[in-house]
Amino acid sequence: HKGVACLNAKTGRLLWRFKAHYDHCHPAMLLHRGWLLVPDAPGRLHALDPRKRHKGQRLWSRRTGTGELNGWACDDQLLVFNTIEYDLSPGGEQIRPLEHITGGMTQARQAGCGRMLWQRGYGKDLVDVMPHRHGSHALAGPLVTPRAIYLAGLDGQIRALDRRTGKRFAALQLGQPIVATASLSSQSLDATTFTGTIARIETKTVLHER
């Protein structure tokens, strides 16, 4: 958990290092518009300039909550990610962190500067698939499309949200926790549940994609 290191692709020589608490549960770093987006804990996000002459200079940092990022996606305008929020009350996360995670949120931010646009929560987990972490979470990463943002949670629900406002305009309950990021084609969305079931959903008819 020492941070991010940039190595020369040919020689393996260290070019620069950025100190961060990058953990195993974090999503992979994103390269966006030439910037390197790096998740950090607790509850931070950094944008770095990875070019050699800038040596991983930090361009900006944003606070994302009390916990960790666990899945994200972006396009030219939006960066959307899930968070796991900790209980910071006395006797909570500081003493027994794995047993005091209260829930999760999805946040949408401007991809260029990280400014918050909106955030939304999830319903209660249908099954305690994360030991000692029963609450409201999403293991599946969000899907960012030109028409909508798709979210899938451990509450078994797939949501289609408006990109600009985060307002839900369609939802479908599968009745089982969704544990993997869905895949999207031109006409359907495929989601995998906790029991191994794969559901194929027509986006235009079932989720009313606009």
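In nm, to one decimal, how far is the Arg164 label point from the Asp49 one, both placed 7 Å along Cα→Cβ?
3.4 nm
Spin-label point model (7 Å from Cα, Cβ direction): what's the Thr197 to Ser61 distance in nm?
Distance between label points: 4.5 nm.
Which lysines does Lys10 reach when only Cα atoms under 20 Å apart count, and residues fewer than 8 places away in its own chain are ignored?
Answer for Lys10, where 20 Å is the Cα cut-off: Lys52, Lys55, listed by chain and number.
Here, each number is a calculation from the coordinates, and none is a lab measurement. Since the model is a prediction, treat every value here as computed from it, not as a measurement. Heads up, the Cβs are rebuilt from the backbone with ideal geometry, glycines too, and the neighbour counts pull from every protein chain shown.
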